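Asker: The structure is given below, and queries will be raised subsequently.
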Amino acid sequence: MENQPVDRQQVVDLVCDWFDEHRRDLPWRRSTPWGVMVSEFMLQQTPVQRVLGPWQEWMQRWPTPDDLAQEPPGAAVAAWGRLGYPRRAQRLHRAATAIAEEHDGQVPRTLEELRALPGVGQYTAAAILSFAYQGRAVVLDTNIRRVLCRVEQGREFPPQSPTVAEWREAEKWLPDQAPAAAKWAAASMELGALVCTARSPRCEDCPVRELCAWRAADYPRHDGPPRRGQAWHGTDRQCRGVLLDLVRQNPDGLAVEVALEAWADRVQAERSLQGLLDDQLVQRDGELLRL
Ligand code: SF4
């Protein structure tokens with residue numbers, strides 16, 4: 001059965017009203033553009049609860065891009081702590097350096113300039129423009145994609161990666177005025193994070209339950225390709241995390257042999273250590289490893 005076209009304006013209004021009442025008081029929502037940018041880097045692959053503490057510490061230590069740019073990249077990697085995917089720390093440091101050198105220390109305010117910064121892709125540029133400057137941009141994260149897919153398409157999950165067609169569809173949802181567009185981006189993302197979650201949507205608390213196509217169709221299950229899991233245990237990524245933690249805990253240098261013995265699979269440990277060295281997340285000085 002064909003879905004009835006959804007009244008987009010009505011959905012936008014309801015979700016934005018809901019947001020006024022239910023939005024979380026996240027510290028980066030009261031911060032500078034740089035604070036927003038740091039949060040977006042940290043949130044790329046890490047949940048909000050794990051980002052709150054490191055974000056506060058980061059902003060106290062480096063309240064502006066200039067402050068971070070004056071330090072070596074290793075300091076950023078060390079401060080990244082257990083957030084995971086530490087290459088993000090290196091990229092954030094490179095982005096801070098570019099902002100200090102090319103933008104007079106100010107986070108740029110156009111999509112083009114933002115996208116030219118290291119580590120800033122289409123999503124992150126749009127999010128910074130929208131959340132830091134209340135600009136008009138299509139912000140398409142996993143939460144927003146899921147909400148739009150359910151409300152409009154009547155399907156449980158969108159495809160693994162956004163298609164061009166999906167970007168175009170998302171643009172149709174965007175209010176014309178920049179502040180209203182920015183609010184819609186924040187509100188729809190919040191709805192996906194708090195109510196329309198991947199595994200247990202709380203439809204009884206949802207402001208658009210009467211308009212949702214997936215609910216109206218009685219929740220047909222996802223029948224596309226299997227969704228990527230978050231397999232981690234025993235992977236190179238876990239091994240890299242263990243090695244990097246050890247190096248971080250030994251600022252005066254950690255013997256290579258001690259690091260390799262910390263992981264049961266020697267071949268995997270050597271491969272992972274080589275990856276950290278290739279990515280310059282760890283430096284080797286003779287038989288010692290440092291950040
Ligand atoms: S009604 Fe349920 S499935 Fe539909 S948008 Fe709301 S929470 Fe998500």
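The values are calculated or read from the model by the stated rules, or taken from the named source; none is laboratory data. Small disclaimer: the values here were computed from a predicted structure and weren't measured. A quick note on method: Cβ atoms are made from the backbone with ideal geometry, for glycine too, and the neighbour counts reach across all protein chains shown. The area values use the complete protein model at the heavy-atom level, side chains included, leaving out ligands, DNA and RNA. Shrake-Rupley method; radii C 1.70, N 1.55, O 1.52, S 1.80 Å.
Asker: Could you check the simple spin-label distance between Glu261 and Gln45, using points 7 Å along Cα→Cβ, in nm with one decimal?
Answerer: Output for this residue pair reads 3.0 nm.
Asker: Considering only DSSP states other than H, G, I, E and B, which chymotrypsin sites (Phe, Trp or Tyr not before Pro) in the stretch 158-245 qualify as loop sites with at most 15 other Cβ atoms within 10 Å?
Answerer: Loop-located and lightly packed - Trp232.
Asker: Relative to the present Cα-Cα distance, how much length would full extension add between Asp13 and His222 at 0.36 nm per residue of separation?
Answerer: In short, 72.4 nm is gained.
Asker: Where in the stretch 29-110 are there trypsin sites (Lys or Arg not before Pro) that are in a DSSP coil and have at most 16 other Cβ atoms within 10 angstrom of their Cβ?
Answerer: Arg82, Arg109
Asker: So, with +1 on the Cβ of K and R and -1 on the Cβ of D and E, and no other charges, what is the size of the charge dipole of the stretch 236-290 about its Cα centre, to the nearest 20 debye?
Answerer: Here the stretch 236-290 has a charge dipole of around 160 debye.
Asker: Using a simple charge model, +1 on the beta-carbon of Lys and Arg, -1 on the beta-carbon of Asp and Glu, nothing else, what dipole does the chain show about its Cα centre, in debye to the nearest 20?
Answerer: With only Lys, Arg, Asp and Glu charged at Cβ, the dipole is about 480 debye.
Asker: I'd like the trypsin sites (Lys or Arg not before Pro) in the stretch 210-291 restricted to DSSP loop residues with at most 16 other Cβ atoms within 10 Å, sorted by number.
Answerer: Here the trypsin sites (Lys or Arg not before Pro) that fit, given the DSSP loop and packing criteria, are Arg221, Arg227, Arg228.
Asker: Once a ≥ b ≥ c are taken as the square roots of the eigenvalues of the Cα gyration tensor of the stretch 110-213, is the result rounded (a/c under 1.5), prolate (a/b larger than b/c) or oblate (a/b not larger than b/c)?
Answerer: In terms of gyration-tensor shape, prolate.
Asker: Can you tell me the dipole magnitude for the stretch 42-121 around its Cα centre, using point charges on the Cβ only (Lys, Arg +1; Asp, Glu -1), in Debye to the nearest 20?
Answerer: My answer is approximately 520 debye.
Asker: Oh, and also: With contacts defined as alpha carbon pairs under 8 Å and 6 or more residues apart, what's the relative contact order of the chain in percent?
Answerer: Value for the chain: 19 percent.
Asker: Here's a follow-up. Where in the stretch 115-141 is the amide nitrogen less than 17 Å from a point lying 7 Å along the Cα-to-Cβ axis of Arg87?
Answerer: Output list for this probe position: 117-124.
Asker: Now, a different point. How much FRET efficiency would the formula 1/(1 + (r/R0)^6) give for Arg202 and Gln280, where r is the Cβ-Cβ distance and R0 is 45 Å, rounded to 0.05?
Answerer: 0.55
Asker: Can you compute the label reach from Leu246? Point 7 Å from Cα along the Cβ direction, backbone N cut-off under 12 Å, restricted to the stretch 261-282.
Answerer: Counting backbone N atoms under 12 Å from the label point, the list is 261-274.
Asker: Treat each spin label as a single point 7 Å out from the Cα along the C-beta direction, and report the Ala165 to Ala180 distance in nm.
Answerer: 2.9
Asker: Can you give me the accessible area per residue for the chain, using a 1.4 Å probe, in Å²?
Answerer: Here the residues of the chain average 53 Å² of exposed surface.
Asker: Here is a further query. If the viscosity is 1.567 mPa s and the temperature 4 °C, what Stokes-Einstein diffusion coefficient in µm²/s follows for the stretch 236-290 when Rh is the Kirkwood radius over Cα pairs?
Answerer: 121
Asker: Just to verify a number: what accessible area does Thr197 come out at with the full protein assembly present, 1.4 Å probe, Å² rounded to tens?
Answerer: Approximately 40 Å² of Thr197 is accessible to the 1.4 Å probe.
Asker: Right, here's the next one. Using only DSSP helix segments of four residues or longer, with each worth -39500 (n - 2.57), what per-residue ellipticity at 222 nm results for the chain after dividing by its residue count and rounding to 500?
Answerer: It comes out at -16000 deg cm²/dmol, rounded to the nearest 500.
Asker: So for the chain, what percent of the C-alpha to C-alpha distances run longer than 25 Å?
Answerer: 55
Asker: Of the heavy-atom accessible surface of the chain (probe 1.4 angstrom), what whole percent is carbon and sulfur?
Answerer: Carbon-and-sulfur percentage of accessible area, whole number: 49.
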